[in-house]
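Here the structure comes first, spelled out in structure tokens, and everything after it is commentary.
The values are calculated or read from the model by the stated rules, or taken from the named source; none is laboratory data. Computed from a prediction, not measured in an experiment: that's the story for all the values here. Because the Cβ atoms are built from the backbone with ideal geometry, glycine has one as well, and the counts that use them run over all protein chains shown.
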Amino acid sequence: MRYVGVNTPELGSNGQAPDCFATRAKAQNEFLALNKDVTLQLDIEGRDRYRRLLAYIFLGDISKDELVEDRLVNGGFGWVIAIGPNVWHTKRLLEIQREAIRKQEGLWGTCGPAPDIESLTISEIQYVGDDETLTLINRGSNNFDLSRWKLVSLPGQVLNFPDGCTLPMGSRLRIHSGPRADRNAADCSKGDLFWTMSLIWNNDGDTAILQTPQRIVADFFEYKGGHSSTHSGH
């Protein structure tokens, strides 16, 4: 079985050393869930391509709303991942992760610099028309290097940000998609970046996920439909 929404350090196999904090993460997971009364909650897809069960793990009854995944992320024993369409609890897990990073809990204070997931925000998606735009804002106090970061739509389309894509502090980056998108928009520092000639964002609702190069979720944006959708950030 695999937990939905959370990844933890690898223990190592075939002679490879375990990842930083892997042993402690395994021990914490066993402390929380081994031989305990738990309830499994399936998301939209209940199994992965290897036929492994995919589930959220609640301590006791679901009505208590105590997720093992929450506890692991809160203590810095793991990090948030999002693999569509299973994203029911991504937003709550992301808020817990932000706080764990601020406090340098667990692996965030032990295993090297934590990723900066505070500075960058998906602020708006304009999804009507043939030149769609998703807007990122750098709210931090430094220029932000987006090299090898990923932007993912819930159906699975992926933008790999190019090497050298830098967003100046306080500035916005509009990511264009659709048949009328400007294919020459390739300089992130000038505020516009071409993704694809295909339409990405569904008019009746969609989800955008911003990921670090290590696939850690940095921001999560969902909308239900209308002419555009915005949120105010963290």
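Within region 163-186, the residues that satisfy the criterion of being surrounded by 14 or more Cβ atoms within 10 Å (Cβ to Cβ) and not basic (Lys, Arg) are Cys165, Thr166, Leu167, Pro168, Ser171, Leu173, Ile175, His176, Ser177, Gly178, Ala181, Ala185.
Could you check region 178-193 and list, in sequence order, the residues that are closer than 14 Å to Leu167 by Cβ, charged (D, E, K, R) and either touching a Phe, Trp or Tyr at 6+ places or on another chain (Cβ under 8 Å) or assigned to a loop (DSSP other than H, G, I, E, B) (or both)? The answer is Asp187, and nothing else. Identify all residues within region 35-68 that are among the aromatic types (Phe, Trp, Tyr), touching a strand residue (DSSP E or B) at 6+ places or on another chain (Cβ under 8 Å) and within 18 Å of Pro85 (Cβ to Cβ); write none if there are none. Correct list: Tyr56 only. Of all residues in region 47-62, those that are at positive phi and assigned by TED's automatic domain parsing to the domain that holds Ala82 have Cβ atoms under 8 Å from Cβ atoms of residues that are part of a strand (DSSP E or B) and β-branched (Val, Ile, Thr), 6 or more apart or on another chain, in Gly60/Val38; Gly60/Thr39. Only a single criterion out of (1) of a type outside the set (A, V, I, L, M, F, W, C); (2) exposed (fewer than 15 other Cβ atoms within 10 Å of the Cβ); (3) closer than 29 Å to Gln157 by Cα is not satisfied by Lys103, namely (3). Sub-8 Å Cβ pairs linking a first residue in region 134-157 that is of a type in the set (Asp, Glu) to a second residue that is surrounded by fewer than 19 Cβ atoms within 10 Å (Cβ to Cβ), at least 6 apart or interchain, are Asp145/Thr166, ordered by first then second residue. The residue that is nearest to the chain's Cα centre (by Cα), counting only those in region 71-85 that are surrounded by 22 or more Cβ atoms within 10 Å (Cβ to Cβ) and over 15 Å from Ala218 (Cβ atoms), is Gly78.
Which of the residues spanning region 69-126 are β-branched (Val, Ile, Thr), closer than 26 Å to Gly191 by Cα and at pLDDT 95 or above?
Answer for region 69-126, where residues must be β-branched (Val, Ile, Thr), closer than 26 Å to Gly191 by Cα and at pLDDT 95 or above: Thr121, Ile122, Ile125.
Here region 149-160 is the region considered, the condition is being more than 10 Å from Gln211 (Cβ to Cβ) and part of a loop (DSSP other than H, G, I, E, B), and the residue that is modelled with the lowest pLDDT is Pro155.
Being under 25 Å from Ala208 (Cα atoms), surrounded by fewer than 19 Cβ atoms within 10 Å (Cβ to Cβ) and out of contact with any Pro (no Cβ under 6 Å at 6 or more places or on another chain) is a description that applies to Leu42.
Filtered by the rule that a residue be aliphatic (A, V, I, L, M), in a loop (DSSP other than H, G, I, E, B) and farther than 30 Å from Asn203 by Cβ, region 91-132 gives a lone residue, Ala114.
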